Amino acid sequence: MNLFKINLSINSTQSSKLAVKWIAVLILLGFNSFDTTAQNKTENPPRPNIIIFLTDDLGYGDLASYGNPIIKTPNLDQFAKEGVRMTDMHSAATVCSPSRASLLTGRNAYRSGFYSIAGFYGTTLPKEEITLPQLLKEIGYETAFFGKWHLSKLESPDEVSVNEMGFDYSLATSVNSFNTGPRNPDKFLRNGKPVGVLEGWYIDIITKEAEGWIESIRNKEKPFFMIISSNEPHTPIDPPKKFAQLYEHLDLDKISNINDYGGVARPNKDISKFLKEYYGTVSQIDDTFGKFMAFMDRMNLRDNTMVIFTSDNGPEYPVTLEESNGEWEDPLRDKCFGSPGDLRGMKRYPYEGGHRVPGIVRWPGGIPAGTVSDKLFNGTDFLPTICKLVGAPLPDDRPIDGTDAFKAFLNRDYGRDILPIWFFPTGYSHLPNMVHMAMRYEEYVLIGKLSQDLDLFSKEIAPGKYPVVDWIKTTLPSAYELYNIKKDVSQEHDLSEVEPEILQGLIPKMQSLWLEIRDEGPWWGQSPN
């Protein structure tokens, strides 16, 4: 019916009354239409683009916004003001491969057989795992990966490729740039094909490639999910001179007073000349990240993109005699001066410094600027959190250890069904003060040490192909430490004898969770019966 073609062959009084009625109807229809449109926008907001900017071995205390008084990180400081700075953000593991596997699958990496890094015992990411990019592609996302993969040997046709596990586009290396250093790396594969030497520094190469993909290659009608995974500040460490020169004249006494490296021993030899290179590398990361954020602004992508900046585990430390037993050296690690801040432990250690990491998230449409959150977010939470946010169904045929923890970005409480647990990487049980697992329950952290001495087990009980795997597949935690992590962030005061009720309540939870995860994982090297 055309409302404007009404028969008005009636008297003027009737005409006036009728006109008023129709005007009211039109106004009502207009408001209803507006309300419906607004409601649809609220109920079906556009799905955000999502970028995870993953650094390698960056410590909790390495950024100025996390309290470092020396390293200059102005771009990340500003980025933190524009979103939320997480003070209880965790990688899902204490070394790179397990951490990356968990980020992609939402599952503790021991379930996939990542008891250490990729390659140990033949470990590689199983094709059967379901990954975050695969789930996002099913609902219309386009996906891309740039940088360090470390979940399979990309040069091998027998192991999964980056693209095979859900990424539409990739420029990746199997591991770090050990062959050449971060400058002019030569091991990149673009969509599975080697590209030879690429000029520039690793982190600059991958961000430039990401920019090119965003601007010229992707389907702009689709939202996108991207991971940018830097080599830096992992070894080899060799920043551009202009960044190292920022730290030419350092007060070494001041540095020693503010950083005890999580209580992990350092070499007796003087390696302080390398400080400027590590600090310079962190500033290089900051500079590159700042340029990438400026690019996002030029592309008008700020408002509809959630950007997450974090690290894959705690900071690296130089090799000591206790670690190598005098049998090997790694001079590259003499340049490692990452800081866990006030936390105990470093990379590899299940103590807090091994997995609590910087975490800064910006999404102007969903996270208020200037937020500081002390709510826990674990690396296993990326998959369920992002899937819930964009409406992607979760797999229902396997345990998902993470939970939808988006409320943590808003500094709000939330619940979880499976407690966060972090394991040591096998092969490092001999390190001084090494423990084997840490489990979080509210404000408490329970530390667990596996029973049975590994050396005794290897020599007398199971001298098999991989004794360390046989050991973890047949042992239980039997010794414990207990900490209130909210009151004692440095984990200096063991409460196991002070709060026995809490201890006895948590031990069965740890043992049960350990058994479930341990028993799902493959038994590498086991002889078929």
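The values are calculated or read from the model by the stated rules, or taken from the named source; none is laboratory data. Everything quoted here is computed from the prediction, not taken from an experiment. Here the Cβ positions follow ideal geometry from the backbone for every residue, glycine too, while neighbour counts run over all protein chains shown. Side chains are part of the model used for accessible areas, which takes the heavy atoms of the whole protein and leaves out ligands, DNA and RNA. Shrake-Rupley method; radii C 1.70, N 1.55, O 1.52, S 1.80 Å.
Under 24 Å of direct C-alpha separation, and excluding same-chain neighbours fewer than eight residues apart, residue 407 reaches these lysines: 41, 81, 375, 388, 486, 487. Using Cα centres only, tell me the gap between segment 60-109 and segment 170-187 in whole Å. Here the answer is 22 Å between Cα centres. Note on exposure: 198, 151 ranked by accessible area (1.4 Å probe, complete protein assembly) read 198, 151, with the most exposed listed first. Across segment 79-202, Cα pairs under 8 Å and at least six residues apart give a relative contact order of 17 percent. Which of the aspartates and glutamates could be linked to residue 137 by a straight reach, that is with a Cα gap under 18 Å, when you skip same-chain ones fewer than 8 residues away? Within the straight-line limit of under 18 Å, residue 137 reaches these aspartates and glutamates: 128, 129, 164, 168, 221, 396. Annotation: the antiparallel percentage among DSSP beta bridges lying fully within the chain is about 50.
Averaging the Cα positions of each part gives two centres, and for segment 273-300 and segment 368-408 these lie 27 Å apart. Heavy-atom accessible surface of residue 303, to the nearest 10 Å², is about 110 Å², with a 1.4 Å probe and all protein chains retained. Solvent-accessible surface (1.4 Å probe) assigned to residue 234 amounts to roughly 20 Å².
Only lysines eight or more places from residue 465 in sequence, or on another chain, were considered; those with a Cα closer than 18 Å are 473. Only protein heavy atoms count here; on that basis, with a 1.4 Å probe, residue 243 has an accessible area of about 20 Å². For the chain, a crude dipole built from +1 on the beta carbon of Lys and Arg and -1 on the beta carbon of Asp and Glu, taken about the Cα centre, is about 2100 debye to the nearest 20.
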